[in-house]
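Here is the structure we will look at.
The values are calculated or read from the model by the stated rules, or taken from the named source; none is laboratory data. As the structure is a prediction and not an experimental result, all values here were calculated from the model. Cβ placement follows ideal geometry from the backbone for every residue including glycine, while neighbour counts extend to all protein chains displayed. Each accessible area value is taken on the protein alone, full model and side chains, heavy atoms only, with ligands, DNA and RNA left out. Shrake-Rupley method; radii C 1.70, N 1.55, O 1.52, S 1.80 Å.
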Amino acid sequence: INDAKITNTGYNNGPWNRHDLNFACDVELNNVVSDKAMAFKAGATLNNVTINDPNTSDTYAIWVQPKGQTVTLNNCTIDMAACSDGRGIKIDNQYLAAAEEGKVTLNVAGTKFITEEKSAVLVKSTVGAIVNWGAGNDIAEVAADNVNAVWVDEAAAAYADLVTVTGATKIVEP
């Protein structure tokens, strides 16, 4: 998807997983602005993408179902300030059978995060994740933690050692 604006003018209040854009196949987005949160069940590359979903509450801008894929963000903006309790990226094994779960690789560079809750990236996975935190990321406006870019969900604390982070710090969710 190139040079596009994705918008929703209809009613979509309620749980995030009822109305975010769900991609079940590999996708590449270039120069896209979306007021819809996105979910990735396969590989994804986002270049110069802005996500600012004001339409919900307790919503992650990006939700990744861990099936062993790679998700890459380059020069993006995650601006969830207008969303009540808006959040950044979550790698979450919810809705997955244990046999389906695979370690995700998340590459993030040149990306600005503006959120009200949690860390920039939250990982909940029994197989862990690989997070490559590149140059130019900005978490100064992550209200909950502008020091540690990655949290391991408290429900997955037993698997925290399986989450590898390069270029940033991680902690177990406080």
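Using amide H atoms built 1.01 Å from N in the peptide plane, name the residues 5+ places from Asp138, or on other chains, whose amide H lies under 5 Å from its own. For Asp138, the qualifying residues are Thr111, Lys112, Phe113. Placing dummy labels 7 Å off each Cα toward the beta-carbon, the span from Asn22 to Asn75 is 3.3 nm.
Which stretch or stretches of the stretch 101-128 have amide N atoms under 14 Å from the point lying 7 Å from Thr166's Cα along the Cα→Cβ direction? So the set is 105-109.
Using the Cβ-Cβ distance between Asn8 and Asn30 with R0 set to 22 Å, the FRET efficiency from 1/(1 + (r/R0)^6) comes to roughly 0.60. Spherically averaged projected area of the convex hull of Cα atoms, the stretch 77-174: 5.9 nm². First compute the accessible area of the stretch 84-123 with a 1.4 Å probe, then give the percent of it belonging to carbon and sulfur atoms. In the stretch 84-123, the share of accessible area belonging to carbon and sulfur is 46 percent.
An oblate overall shape is assigned to the stretch 62-111, the ratio a/c of its alpha-carbon gyration tensor axes (a ≥ b ≥ c) being 1.5 or greater and a/b not exceeding b/c. Near Ala81, once Lys and Arg are set to +1 and Asp and Glu to -1 for all other residues with Cβ below 9 Å from its Cβ, the sum equals -3.
Apply the Kirkwood formula to the stretch 1-138: the hydrodynamic radius equals the inverse of the mean of 1/r over all pairs of different alpha-carbon atoms; give it in Å with one decimal.
Working: mean 1/r = 0.0680 Å⁻¹.
It is 14.7 Å.
Can you check what the net charge comes to around Thr50, using other residues whose Cβ is under 10 Å from the Cβ of Thr50 (Lys, Arg +1; Asp, Glu -1)? It works out to a net charge of 0.
Pairs of alpha-carbon atoms within less than 8 angstrom and 6+ residues apart define the contacts here; what relative contact order does the chain have, in percent?
15
Separation of the stretch 20-78 from the stretch 121-137 is 15 Å, based on Cα centroids.
Annotation: per residue accessible area for the chain equals 42 Å², rounded to a whole number [probe 1.4 Å, protein chains only]. Using a cut-off of 21 Å between Cα atoms, the listed pairs Lys41/Lys112; Lys36/Lys90; Lys67/Lys90; Lys67/Lys118 include Lys41/Lys112; Lys67/Lys118 as exceeding that distance.
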